[in-house]
Amino acid sequence: MSLAETFAPALASSNGASRRGRLVLEHISKDFPGSTVPALRDVSLTCEPGEFVVVVGPSGCGKSTLLNLVAGMLTPEEGRLTLDGQAVRGPHPERTMVFQDHGLFPWLTAAQNIAFGLKMAGVPRAKRDQRVEAALEMVHLRRSADKLVHELSGGMRQRVAIARALVMDPAVLLMDEPFAALDAQNRTLLHEQLQELWVATQKTVLFVTHSVNEAVRLGDRVVVLHAHPGRIRREFRVGLPHPRNFDSPEIAQLVRLVRREIEDEVNRVNAQTDEELWKPKTPADLDRHSVGMGGGI
Amino acid sequence: MLNIPLALGEPLHKGWPLVLEDTVGVLIPSARPANAPSRHVFTSPLIIANLVSGVRLIVGFVISIVLGGALGLAMWRWIELDRLLGPVFLGLQTLPSVCWVPLGILTFGINERGVLFVLVMGSFFAIAIALRDGLRGIPPLYQRAGLMLGARGWRLYRYVLIPASLPAFASSLRQGFSFAWRSLLGAELILAVEHKGLGFLLATGRDFSDVAKVVAVMIVMVMIGMLADRWIFAKLQAAVHRRFGLE
Ligand SMILES: Nc1ncnc2c1ncn2[C@@H]1O[C@H](COP(=O)(O)OP(=O)(O)O)[C@@H](O)[C@H]1O
Ligand SMILES: [Mg+2]
């Protein structure tokens, strides 16, 4: 049975009527009171239905802020945010998120965690069980259905979190560095599984990460977000078909390209800051200096 | 009943070994030497006193949990209320619970309600404060996850916030119970109400200068307190911690 078939009952509306999930951000700005630079400034981004968009940038550049705005946890000071033409207002299961720290409820089992949203939506017991079953199947966790969160490995927790988000049949799936805490092998495994799921469900995915490698592996489109204030300067189209071979030279080349773009920006910012070295440094400036060296970038 | 002079000499005349032997006799009637005078008052009254105190404890503690739980929740939800009540509660917690006895008498009289008043006053602040702190300690991520999955309004409380606060609530119950037990015994010791509880038995032991009885009742008090703590509240706490993986 193919994944798409497995999921057909759980994610009924995700195929056929799938021109759902057009996410539009127009000139979004977000300020946090008390900080000198806005977290995001004039960010515009459109995710087409079924598109896998990855926003990549150093830590502190506003990636989580961006996702929280889309999730409805935060409201922008300026700009418009719409999903399928409807203004985004407050959190809603049509926009579910996979958090870096999974955010699973420790008092519930894996299956109960996945069932949670359906229960809140008033889905009857029998239907709920069926959909939870399918969701567990899709993340290959049927045998761990009754395990508690702390009995699951890091990778399994993220798979449960993905199942919990997808079972709601969201219009857009938001992912906030979901694999950052995993070891390399597990991360690659989850990259493969996520690709598989995305191909099967045709969801619009907005994924943020600080790892260029991860971004290029997964995304149809890689958007580079620069810090202080967070804004989009460039985006790259990854024209490779799915499922991808992560070790292909095309991926390696694109990774280099994106990295160079980010380094150029960091150097530009550093040069600018060096001229102003006589000025007392704000924490934001210090942050900026450390940006180029870290992790995937 | 408070004015009967205490015969402090008895244990010295009899010696502690004899007193202890007597104590065993009070606790376990069958262990009493056959020629020893029957101490009718200590056998069945001890059981009845246990039942009376037990019922009071359960009723009072449930009231305490409901009241403390509701106030803890409200204080967490409305910061203004917390600013108003928080310091008052912390202050009142420093008050030994028997200090509520006079107010209990004046408000309710020397009756069951007076005893319950002292018990509740002695324990519900602790529960309220502990629950408030427990709710404050909930990772904000749970709330966000709940909202994202459609848990709004009371459902957010019922299905996310309350369960998430369970570890803290379990500890608060354990602490609240020990407060409740101590307050109850203190109240019973002073208030001679119709049904005689353990505290009252302690008072009669004193009135009759019966050291063995006093010691025996004290042992029972300690045992009940410890058993309830070990067998109910520590187990509850351990179960919650196991569930949450908080070992
Ligand atoms: N709740 C908040 N209050 C104040 N500043 C915040 C808040 N959340 C994030 N920020 C600031 O906004 C910037 C972007 O943060 P964030 O979106 O978490 O970055 P990222 O997820 O890319 O690491 C950072 O400088 C951070 O300090
Ligand atoms: Mg982040």
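A few points about this structure:
- Filtering region B:238-247 for residues that are part of a helix (DSSP H, G or I), more than 15 Å from residue B:114 (Cα to Cα), away from every other protein chain (no Cβ under 14 Å) and open to solvent by 30 Å² or more (accessible area, probe 1.4 Å) leaves a non-empty set.
- A count restricted to region A:260-291 and to residues that are open to solvent by 80 Å² or more (accessible area, probe 1.4 Å) and modelled with pLDDT of 75 or more stands at 4.
- When the helices (runs of 4 or more DSSP H) confined to region A:53-141 are screened for residues that are touching a residue at least 40 places away in the same chain (Cβ under 8 Å) and within 16 Å of ligand 1 (Cβ to nearest atom), those reaching at least 3 such residues are found at A:63-71.
- Members of region A:165-183 that are over 11 Å from residue A:208 (Cβ atoms), in contact (Cβ under 8 Å) with a residue 40 or more places away in the chain and within 16 Å of ligand 2 (Cβ to nearest atom): A:181
- Residue that is nearest to ligand 1 (Cβ to nearest atom) [pool: residues in region A:41-52 that are open to solvent by 10 Å² or more (accessible area, probe 1.4 Å) and part of a strand (DSSP E or B)]: A:41
- Considering region A:142-172, the residues that are closer than 19 Å to residue A:183 by Cβ and outside any helix (DSSP H, G or I) include one that is least open to solvent (accessible area, probe 1.4 Å), namely A:152.
- Qualifying position, being closer than 22 Å to residue A:56 by Cα, more than 14 Å from chain B (Cβ to nearest Cβ) and within 16 Å of ligand 1 (Cβ to nearest atom), among A:205, A:216, A:222, A:199: A:222
- Residues that are more than 10 Å from every other protein chain (Cβ to nearest Cβ) and either open to solvent by less than 20 Å² (accessible area, probe 1.4 Å) or in contact with a Phe, Trp or Tyr (Cβ under 6 Å, 6 or more places away or on another chain) (or both) within region B:153-164 comprise just one, B:161.
- Taken together, the residues in region A:61-93 that are over 19 Å from residue B:140 (Cβ atoms) and near ligand 2 (Cβ under 10 Å from one of its atoms) amount to 1.
- Region B:160-209, subset of a type in the set (S, T, N, Q) and part of a helix (DSSP H, G or I), residue farthest from the chain's Cα centre (by Cα): B:204
- Within region A:226-266, being touching a Cys at 6+ places or on another chain (Cβ under 8 Å) and farther than 22 Å from residue A:39 by Cβ holds for no residue.
- Annotation note: of B:178, B:209, the sole residue that is away from every other protein chain (no Cβ under 14 Å), crowded, with 16+ Cβ neighbours inside 10 Å and closer than 19 Å to residue B:68 by Cα is B:178.
- Failed item in (1) more than 21 Å from the chain's Cα centre (by Cα); (2) open to solvent by 20 Å² or more (accessible area, probe 1.4 Å); (3) more than 13 Å from chain B (Cβ to nearest Cβ), with residue A:108 passing the rest: (3)
- Of all the listed residues (B:66, B:118, B:101), the sole one being open to solvent by 50 Å² or more (accessible area, probe 1.4 Å) and out of contact with any His (no Cβ under 6 Å at 6 or more places or on another chain) is B:66.
- Whichever residue in region B:76-98 is surrounded by fewer than 12 Cβ atoms within 10 Å (Cβ to Cβ) and of a type in the set (Val, Ile, Thr) and, among such residues, is farthest from residue B:56 (Cα to Cα): B:79
- Residue that is more than 16 Å from ligand 2 (Cβ to nearest atom) and of a type in the set (Ser, Thr, Tyr), where the choices are A:35, A:44: A:44
The values are calculated or read from the model by the stated rules, or taken from the named source; none is laboratory data. The structure displayed is predicted, hence computed values, not measured ones. Reconstructed Cβ throughout: ideal geometry from the backbone, glycine too, with neighbour counts over all protein chains shown. For accessibility, only protein heavy atoms count, side chains too; no ligands or nucleic acids. Shrake-Rupley method; radii C 1.70, N 1.55, O 1.52, S 1.80 Å.
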